[in-house]
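The values are calculated or read from the model by the stated rules, or taken from the named source; none is laboratory data. As the structure is a prediction and not an experimental result, all values here were calculated from the model. All Cβ positions, even for glycine, are placed from backbone atoms using ideal geometry, and neighbour counts span all protein chains on display.
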Amino acid sequence: MQVMHEDIDKILFTEDDLRARVSEMGHQITADHQGESLLVVSVLRGAAIFMADLVRNITLPLEMDYMAISSYGNGVKSSGIVRILKDLSSSVEGRHVLIAEDILDSGLTLSYLMRNLESRNPASIEVATLLRKKTRAQADIDCRYVGFECPDEFIVGYGLDYAERYRNLPYIGVLKKSVYC
Ligand code: XMP
Ligand code: MG
């Protein structure tokens, strides 16, 4: 039985749920990309834990690289402003790029990122997002791999934060409104 942090309203995905689903995603990605090598790009900081677990379930030659972009600041609503805080170290030209994202909400962050990477002439770009929020307005993004659909609530854990806290929770849960209201 998982002990729940006092700031969490309810657990959405347990450690076991996450392990099982991320493993399935890794195996699917492996099956879909036989004979290829991948450049797996993680969007810091939220996706770092997901990517670390995902790549250990992909049995293909791959490289890992990191980008940091910001659209949220310390708040809970998308600002609509996307800035590159840290760019990739490697070139994406001619590579099969797999973006590992933590959560797709309005889609602003990913659509910006995909346009940006597409302009660098990769062989292909695909997205693996751990979570996709059921929101009203979402940019039309082709996400080949989606871990879980999740409710439109503010969630934390397994890499996801509120004001840089809760990333280390091993499960994903809904943050109590009293924490940020
Ligand atoms: P957009 O709206 O651009 O947002 O798709 C994607 C980014 O926003 C962050 N985000 C969240 N972070 N709990 C979080 O901790 C959430 O419920 C949440 N919703 C969006 C996240 O950084 C994601 O990359
Ligand atoms: Mg993020």
ask   = Is it true that SER178 is out of contact with any Cys (no Cβ under 6 Å at 6 or more places or on another chain), among the hydroxyl-bearing types (Ser, Thr, Tyr) and free of Cβ contacts under 8 Å to residues at least 12 places away in the same chain?
value = yes
Extreme residue, nearest to LEU108 (Cα to Cα), among residues of segment 31-44 that are within 11 Å of ligand 2 (Cβ to nearest atom) and surrounded by 18 or more Cβ atoms within 10 Å (Cβ to Cβ) = VAL43
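So, ALA20, is that one surrounded by 13 or more Cβ atoms within 10 Å (Cβ to Cβ) and either within 16 Å of ligand 1 (Cβ to nearest atom) or of a type in the set (A, V, I, L, M) (or both) or not?
So ALA20 fails the test.
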remark   = Of the listed residues (THR135, THR129), the one being more than 23 Å from ASP53 (Cβ to Cβ) and either not in a loop (DSSP other than H, G, I, E, B) or not small (Gly, Ala, Ser) (or both) is THR135
remark   = Residue hits (segment 28-54; within 15 Å of ligand 1 (Cβ to nearest atom), assigned to a strand (DSSP E or B) and either on the phi > 0 side of the Ramachandran plot or among the β-branched types (Val, Ile, Thr) (or both)) are VAL41, VAL43
ask   = Looking at VAL43, VAL92, VAL97, VAL55, which one is within 21 Å of PRO122 (Cα to Cα), modelled with pLDDT under 95 and β-branched (Val, Ile, Thr)?
value = VAL43
ask   = For segment 138-181, what are the residues that are of a type in the set (Val, Ile, Thr), assigned to a strand (DSSP E or B) and closer than 28 Å to ILE58 by Cα?
value = VAL146, ILE155, VAL156, ILE172
task = Could you tell me whether LEU98 is touching a helix residue (DSSP H, G or I) at 6+ places or on another chain (Cβ under 8 Å) and farther than 23 Å from ILE155 by Cα?
result = yes
task = Among the residues of segment 113-143, count how many are β-branched (Val, Ile, Thr), surrounded by fewer than 20 Cβ atoms within 10 Å (Cβ to Cβ) and either on the phi > 0 side of the Ramachandran plot or in contact with a helix residue (DSSP H, G or I) (Cβ under 7 Å, 6 or more places away or on another chain) (or both).
result = 1
remark   = Screening LEU110, LEU98 for residues that are within 15 Å of ligand 2 (Cβ to nearest atom), crowded, with 19+ Cβ neighbours inside 10 Å, under 23 Å from LEU54 (Cα atoms) and not basic (Lys, Arg) leaves only LEU110
request  = Considering every residue within segment 149-157, establish whether at least one is among the hydrophobic types (A, V, I, L, M, F, W, C), modelled with pLDDT of 95 or more and away from ligand 2 (no atom under 15 Å from the Cβ).
outcome  = no
remark   = Picked from segment 118-147 (must be within 16 Å of ligand 2 (Cβ to nearest atom) and more than 19 Å from HIS27 (Cα to Cα)), the residue modelled with the lowest pLDDT is GLN138
